[in-house]
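Trainee: This structure is in structure tokens; I'll ask about it shortly.
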Amino acid sequence: MALLPLSPIARVGVLAKPGLDAAALHLLEIGQGLDARGVTPIYETHTAHLITTAHPFRTVSKLELATNADMVLVLGGDGTLLSMADCIAEARTRIPILGVNFGSLGFLTEVTLPELYRSLETAVTGCAVMEERMMIVSTIMRPEQHDRRFLALNDAVITKAARSRMIDLSVHVGDEFVTRVKADGLIIGTPTGSTAYNLAAGGPIVHPTVDALLLTPIAPHTLTNRPIVVPSTSTIRVTPNMERRDEVYITFDGQALEQLQPGDAVTVSRYDDPLRLIKPSTRSYFEVLRTKLKWGER
């Protein structure tokens, strides 16, 4: 995962987590500071509503941010960044994201609040670097209907309903049958997503430079069903073995939810365009892990 240079920025999109009042205190100052530098701030519509005073800044929808800005400043947490990442991937604009976490350090939003203005300055002047993170594209194939496609940075997760019995999934990698997973579900994740649901389900932590996809069963009935790491060039196909009374769902980055039906199949593969994350600091991936997971602390 090579670090890429970042060119000077002319238009900055600003997206905050909905209802994040703590961000409201900074939004006007961010816009005024950018404007004073000759950089155009563009606010996501709901984000602009958090500003309590009149302002002259342009507002657009979250989808339009992906095509109207040169970078996006995300204020919130990893979930807010994931929602923006999916919009950028769909638009195929490859604009980078600078994520600022308003809680503790995030795995993706690794800039802390005290670092906000310095990090933004570093980004708009082109002094920061970017790293690329693999994304996945999932396709739901349903007989006699058009295939439906979904993008994700972290994972696609197939799960059962809360009160349903365990689900039975046939898993292929490429043309080769791998296994039948009888479990509460299955996570198909990226290295970036290895520290998300995959981690909670007992899957491995995979460094973002590793070119791979992860398959992690959720609470498998058979203890020998273990997580598997496969090349990112693989196409993974999952077919639920289900009856009409079964309730099986698939989610993408925890943002979109679809119910699967008997006869459906899901394929997951690497997406052509990676996400670009701005890294204004020298904080390493392992430093983020130590801080978030509190390694070595008693």
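What follows draws every value from the coordinates through simple rules; no lab data is involved. For clarity, every value in this text was computed on a predicted model and none was experimentally measured. Please note: Cβ atoms are built from the backbone with ideal geometry, for glycine as well, and neighbour counts cover all protein chains shown.
Trainee: Counting DSSP beta bridges with both partners in the chain, what percentage is antiparallel, nearest 5?
Mentor: Rounded to the nearest five, the antiparallel share is 75 percent.
Trainee: Still on this structure, I have one more. Determine, from the Cβ-Cβ distance of Lys292 and Met141 and an R0 of 41 Å, the FRET efficiency 1/(1 + (r/R0)^6), rounded to the nearest 0.05. Kindly include the intermediate steps, with their values, before the conclusion.
Mentor: Working: r = 37 Å, r/R0 = 0.89.
So, using R0 = 41 Å, E works out to roughly 0.65.
Trainee: Which length gain, in nm to one decimal place, applies between Gln261 and Ala162 when the Cα-Cα distance is subtracted from 0.36 nm times their residue separation?
Mentor: On the way: separation 99, 0.36 × 99 = 35.64 nm, distance 1.69 nm.
Length gained, Gln261 through Ala162: 34.0 nm.
Trainee: Still on this structure: Treating cross-link reach as a plain straight distance, find the aspartates and glutamates whose alpha-carbon is under 15 Å from the alpha-carbon of Lys62, omitting any fewer than eight places away in the same chain.
Mentor: Correct list for Lys62: Glu44, Asp70, Asp86, Glu90.
Trainee: On to the next question. Can you give me the pair-distance distribution of the chain, C-alpha pairs, 10 Å bins, whole percents?
Mentor: Taking all Cα pairs of the chain, the binned fractions are 6, 27, 31, 22, 11, 3, 0 percent.
Trainee: Something else about it: Whats the longest run of the chain with zero GluC sites (Glu not before Pro) that are DSSP loop and have at most 12 other Cβ atoms within 10 Å?
Mentor: Maximal segment without exposed cleavage sites: 1-143.
Trainee: Pick out, from Leu213, Ala66, Asn225, the residue whose Cα sits farthest towards the positive end of the charge dipole of the chain, with +1 on the Cβ of Lys and Arg and -1 on the Cβ of Asp and Glu.
Mentor: The residue sitting most towards the positive pole is Asn225.
Trainee: Tell me which lysines have Cα within less than 24 Å of Lys292's Cα, excluding those fewer than 8 residues away on the same chain?
Mentor: Correct list for Lys292: Lys17, Lys279.
Trainee: Next question, about the same structure. For a quick size check, give me the Cα extents of region 136-270 along its three principal axes, largest first, whole Å.
Mentor: 41, 33, 30
Trainee: Compute, for the chain, the length of the dipole vector about the Cα centre, with Cβ point charges of +1 (Lys, Arg) and -1 (Asp, Glu) only. Units Debye, rounded to 20.
Mentor: 440 debye
Trainee: Need the list of aspartates and glutamates near Lys182 for cross-linking: C-alpha distance under 18 angstrom, and skip anything on the same chain fewer than eight residues off.
Mentor: Answer for Lys182, where 18 Å is the Cα cut-off: Asp168, Glu243, Asp246, Glu247, Asp264, listed by chain and number.
Trainee: Nearest 0.05, what FRET efficiency do His207 and Ala36 give at R0 = 45 Å with Cβ-Cβ as r?
Mentor: 0.70
Trainee: Compactness ratio of region 1-61: Cα Rg over 2.2 N^0.38 Å, N = residue count? Intermediate results must be reported in sequence, preceding the final value.
Mentor: Values: Rg = 12.9 Å, N = 61, 2.2 N^0.38 = 10.5 Å.
Rounded to two decimals, the normalised Rg is 1.23.
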